[in-house]
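Data first, discussion second: the structure below is written as structure tokens.
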Amino acid sequence: IEEEDINNLIKKIQTFGNIISPLNLYDNYNIENKNPIHILQKHDGQVYWLCVLKDGRLASCSNDKKIIIYNKNTYNPDITIESDSTDCISFITQLSSGLLVSCCDDHKIRFFEIKELEYQLIQTLKEHQNDVYYLIELKNKNLVSCSRDCSINFYKKDNILYKLYYKHQTKGGLNSVLQTKENEICYFDYTNKTLYFYDLIKKENKASISNIGINNGYKKSIILINKNLLIVPGTNEISIIDINQYKKVKSIEVPNAGDI
């Protein structure tokens, strides 16, 4: 990894550090002057995740047990999904098929079909034994979820529904997972502050990086910057990871930031 690549990455992090702040409201900042363009206060609780749908609309989820999809022009809600979740909705993402997926603290994963102004619950999975924190779609269209229950679940599609086909047990609670290569994922064990790299063919860990600067916090994003580097936000710092040599190459201190 060239030092220039790392320095360019640091500049990007410093430039785009606080474009979105999803805590009770959504701030959409003008990047140049950092002034809010829109402030949305449509949830009744803390906003835990934001994603952009394939049609360009923004979606948000909250501990008020709702998912809101916003109109691209007016920023008013187009759809408010009143989930049957009995606990916080902590994560949402859209699959390549168009289905919107939610991960919840009631241990369930829900699949919604989204139309312009309507939605329909398609499937509910309960294969985890604790809060579900994150879900990704692999390049082969299989799904992977991670949980506070110290497990990663792998799902395949059976006709129109998804079914669990194997489970990887881990040492501690997990709050994020990411596909790094064709046959590899990485996941973050926040209990032990360790990033693991997992071989999808051999179904075993192939490498790990310990002492990642993060506390036992809620959920974090592992962000793949390019084919060589990923970043792991932590407590008062951001770790830059070389995914070819499986090592931390730099830490960026962010004083007084708390959990990033």
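Within segment 89-104, work out how many residues are open to solvent by 10 Å² or more (accessible area, probe 1.4 Å) and either touching a Phe, Trp or Tyr at 6+ places or on another chain (Cβ under 9 Å) or at positive phi (or both). The qualifying residues number 3. If we keep just the residues of segment 120-177 that are acidic (Asp, Glu) and open to solvent by 60 Å² or more (accessible area, probe 1.4 Å), which is nearest to Ser102 (Cα to Cα)? Result: Glu127. Restricted to strands (runs of 3 or more DSSP E) entirely inside segment 71-165, those with at least 1 residues that are more than 15 Å from the chain's Cα centre (by Cα) are 77-82, 109-114, 119-125, 151-158.
Any idea which of Gln14, Gln41 is at pLDDT 55 or above and open to solvent by 50 Å² or more (accessible area, probe 1.4 Å)? Write out each step before concluding.
Numbers: Gln14 fails: at pLDDT 55 or above.
Going through Gln14, Gln41 in turn, just one is at pLDDT 55 or above and open to solvent by 50 Å² or more (accessible area, probe 1.4 Å): Gln41.
The set of residues in segment 167-176 being assigned to a strand (DSSP E or B) and at pLDDT below 95 consists of Leu174, Asn175, Ser176. Of the residues screened, Thr74 is not one that is farther than 22 Å from Val144 by Cα, surrounded by fewer than 19 Cβ atoms within 10 Å (Cβ to Cβ) and at pLDDT 90 or above.
Considering segment 46-79 alone, what residues qualify as being of a type in the set (Gly, Ala, Ser), farther than 12 Å from Ser90 by Cα and in contact with a strand residue (DSSP E or B) (Cβ under 8 Å, 6 or more places away or on another chain)? Quick ask: steps written out before the conclusion?
Of all residues in segment 46-79, those of a type in the set (Gly, Ala, Ser) come to 56, 59-60, 62.
Among the residues that remain, those that are also farther than 12 Å from Ser90 by Cα are: 56, 59.
Within segment 46-79, just Ala59 meets the criteria.
Checked against (1) over 17 Å from the mean Cα position of the chain (by Cα); (2) assigned to a strand (DSSP E or B); (3) surrounded by 17 or more Cβ atoms within 10 Å (Cβ to Cβ), Ser60 passes all but condition (1).
The values are calculated or read from the model by the stated rules, or taken from the named source; none is laboratory data. From a predicted model like this one, the values you see are computed outputs, not experimental measurements. All Cβ positions, even for glycine, are placed from backbone atoms using ideal geometry, and neighbour counts span all protein chains on display. Protein only, heavy atoms only, side chains kept; ligands, DNA and RNA dropped before computing areas. Shrake-Rupley method; radii C 1.70, N 1.55, O 1.52, S 1.80 Å.
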